[in-house]
Each structure stands twice: as C-alpha cells, then as structure tokens.
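Take a look at the structure set out below.
The values are calculated or read from the model by the stated rules, or taken from the named source; none is laboratory data. None of these values were measured; they are calculated from a predicted model. Methodologically, a virtual Cβ is constructed for each residue, glycine included, from the backbone with ideal geometry; neighbour enumeration extends over all protein chains shown.
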Amino acid sequence: MSEGGNIFSNYFDYNIFLLKLTAFWVYDNKTIKCKRYLQHTYNLFWCIYMFIGYIPTEILYAFYSFGDLNQFLRALRDIGNHISLAYKTTNYFLRREDLLNLINILQHGNYHYEDYGSFQPKSIVERKKKEAVRWTTYFWYFCNAICFCMFVTGLYTFFVLGDKQYIIKDGQKIYNQPQPVVIVSPFGSGTRPKFFATFIHTIICLTFLAWMIVGRLTILVAEKLESIYNVQTLFQTFISLGEMCFCLYILSETNDQNVGNELTYLIATGFELLLYCWFGDRITEASIEVSYSLYDSDWFSTNLSFRKQIIFTMTRMKRPIYVTIGKITPLTFNTFLTVILIWPEEHIRFSLF
C-alpha cells in the first residue's frame, strides 16, 4: 500500500494491525521478503487450521446431533457464524485491491482540507477515528468475553466438578463433561485428558475466529463499499437474526452453568449487528450534512461556474448515500430498531413451533 502524499498515513493503523493479527493482511512486493514470507506463512497456517481443520468438524457434528434439538440449534448457530466468516474472508481477498485503493484515496492529501480558523478538519477526522475504534474495541471485548466465559466455565467444571462428570455407558466409566462448542474432535473423547485436549483446541479456535470476525468489521465510504459489502451485509444480517433466535431458545432450555455463555453470545451477536448499522448510519448522516455544510459556506461570493457546481452538488446530496442490506433496505439505526422490535415476536413464533 502506497503512503506517498498521505497526510493521514496512520489513520488505518488500527485496522491494519487487526488484519495482520487475524491473517488477512498481505504485504506488497515493496516489503522485504522475510517480513512478507512470515506474514504469508502465518496467514496460511491460520486459514488452514480454521477453515479446513476446525469448521468442517462443526459441520460434521451438526449431522450427528440432528436428533437433539438443543444441540442441533447450538451447532447451527456456530456453523452459521463461521460460514459467514468464511464468506467474508473470500469476499475480502477477492476485493482486497479495491479496499486498499479506497484506503489510499481516503488518506491522500488531495482529499483533505487544511485547517482554517475555527474549522479544524484534522481534529474532526481524528475524533471520528477514535469513535470508530472505540466501538470496534467494544465488540472486541464482547467477543473475548464469550471465549473467556467458556474457558472459565469449562476449567471450573473440569477441576472442581470433574468427579461428577463421569457416566456409565456400556459397562464402562466415561468422562462426559460438555464442550463449550461440540465438534467431531480429532483427539477423541471419553477420558479427562482427551476432553482437556479438545477443550483447549476448541477455545483457541473460537478465540481466533472471534478475532477474525472483529478484523473483518474494521473496514466498513460509500458507493464503493456498497458494491463490495451489500451481499455480505445481507448474509450477515440473516445469520445474526438466526443466531439471536437460536440463543434465546437455548437460553430458555438451559438451566446450568452454560447460561452465562449463551447470554454473552446473545449480547455479542446483537452488538455485531448494531455495529454494522452504526457504520452505515454514520455514512448516511455524513452525506446528509454535506448539503447543509455547502449551503452554510460563503459560496455566494464565488464565480458563476463555481456556484452552479455547488447547486448541482447540493441537489445531488438531497438523496442521501446509503449502504444497503442486499439492496433491499438501508443499513441504518432505524433498520436495527425495526429488527429489535420484530425479533421478539419472531422468537415467540419460533419457540411455539
């Protein structure tokens, strides 16, 4: 990514850090070979580990759990989230050049005004950056909280309540502690060491998958983003709604230590949908403010050609810019509130079914 002429060359540092951490970043040919190859190796390891070594084991378990509605819905919830991530990953690498060009455009000095009197555009940009980073960090905390709750609950049960987790099956004593997310384990099951190996493997995978989800949220201007993200946003919205319904059903059927896990999962899923709507709403609000800001400027004192251009721009901006959910409905706070109002009714219908 070129940095020549970029007056905000560090604006996307937080985004790029997350993309590197979550195996999405690819260095260009200008980067030294050692650094480039290390990042490629890191990306390849985690992509194979997650999308070939872990997610298929979740899908396999869904087939095995078809007879148990509670386990089947829990498996579908996890599969939906991670299949959505796989789609986002594919979409990112297919459109990566477009996103990097967009970053360069946003950072380039030709697209930023100088400070003038009380008008401080650099301060405005920095303030908006901090706001976006803060919301993304909140979601990061929620995702980590899910994994932390699963980890602590599992360890507590293993070390404190482990003696109560044995059952007799076919005349043999088997260790039967539930995993936070049930998969077809490569380590097997039935003993404490096998359970613990599967447990650590699952927690590592879930934590990194959560980081990948956050990393994919960090780059969400507008028509270009609309073309890149509208189908992905539609997919994510349906996945999030399904997860929230599944979480509520599972919560209504859960009366053990897993309540905290499911409640945290529910909150994080709702917060993820809120973040998408928040970013979309900020783009729409900014596009609406353009027309008012132009009108409030001293454009009357300019020449006729410039005044015509201002009028054309204000007329165009009467139609706000929207990021849409699959070109069906705008991605705004109003959309999120509508979903929240409709969601309890749909959950009741789902529960009755």
Taking the stretch 149-177, which residues are farther than 13 Å from ARG192 by Cβ and in contact with a helix residue (DSSP H, G or I) (Cβ under 7 Å, 6 or more places away or on another chain)? CYS149, MET150, PHE151, THR153
Contacts under 7 angstrom Cβ, first residue in the stretch 187-202 being at pLDDT below 95 and outside any helix (DSSP H, G or I), partner of a type in the set (S, T, N, Q) and surrounded by 16 or more Cβ atoms within 10 Å (Cβ to Cβ), 6 or more apart: PHE187/THR198; SER189/THR198
Would you confirm whether any residue within the stretch 70-91 is assigned to a helix (DSSP H, G or I), under 20 Å from the mean Cα position of the chain (by Cα) and farther than 29 Å from GLN179 by Cβ? yes
Just to be sure I understand the filter: pairs with C-beta atoms under 6 Å, separated by 6 or more residues or on different chains, first member in the stretch 204-215 and surrounded by fewer than 20 Cβ atoms within 10 Å (Cβ to Cβ), second member not in a helix (DSSP H, G or I). Which pairs pass? TRP211/THR22
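This table checks each residue for (1) among the aliphatic types (A, V, I, L, M); (2) closer than 25 Å to THR269 by Cβ; (3) buried (at least 16 other Cβ atoms within 10 Å of the Cβ).
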position	(1), (2), (3)
TYR54	no, yes, yes
ASN70	no, yes, no
ILE79	yes, yes, yes
ASN91	no, yes, yes
GLN120	no, no, no
THR136	no, yes, yes
TRP140	no, yes, yes
CYS147	no, yes, yes
Residue, farthest from CYS147 (Cα to Cα), within the stretch 179-195, restricted to residues that are crowded, with 17+ Cβ neighbours inside 10 Å and out of contact with any strand residue (DSSP E or B) (no Cβ under 8 Å at 6 or more places or on another chain): SER185
Can you tell me how many residues in the stretch 26-54 are among the β-branched types (Val, Ile, Thr), more than 19 Å from LEU206 (Cβ to Cβ) and outside any helix (DSSP H, G or I)? 3
Kindly check whether there is at least one residue in the stretch 131-138 that is closer than 30 Å to GLY53 by Cα and of a type in the set (Val, Ile, Thr). yes
Note: among PHE158, PHE148, PHE196, just one is of a type in the set (Phe, Trp, Tyr) and either closer than 27 Å to LEU19 by Cα or within 21 Å of the chain's Cα centre (by Cα) (or both), namely PHE148
Some residue of the stretch 128-142 being in contact with a strand residue (DSSP E or B) (Cβ under 7 Å, 6 or more places away or on another chain) and either aliphatic (A, V, I, L, M) or modelled with pLDDT under 85 (or both): no
What's the total number of residues in the stretch 1-30 that are modelled with pLDDT of 85 or more and either touching a strand residue (DSSP E or B) at 6+ places or on another chain (Cβ under 6 Å) or more than 23 Å from ALA86 (Cα to Cα) (or both)? 0
Condition met for ARG282 (modelled with pLDDT of 80 or more, assigned to a helix (DSSP H, G or I), surrounded by 14 or more Cβ atoms within 10 Å (Cβ to Cβ) and of a type in the set (Lys, Arg)): yes
Check off (1) within 27 Å of THR137 (Cβ to Cβ); (2) more than 23 Å from the chain's Cα centre (by Cα) for TRP299 and give me the number that stays unchecked. (1)
Residue under evaluation TYR322, criteria (1) of a type in the set (Phe, Trp, Tyr); (2) assigned to a loop (DSSP other than H, G, I, E, B); (3) exposed (fewer than 15 other Cβ atoms within 10 Å of the Cβ), criterion not met: (3)
All but one of (1) under 30 Å from ILE239 (Cα atoms); (2) β-branched (Val, Ile, Thr); (3) surrounded by 13 or more Cβ atoms within 10 Å (Cβ to Cβ) hold for VAL125; state the number of the condition that does not hold. (1)
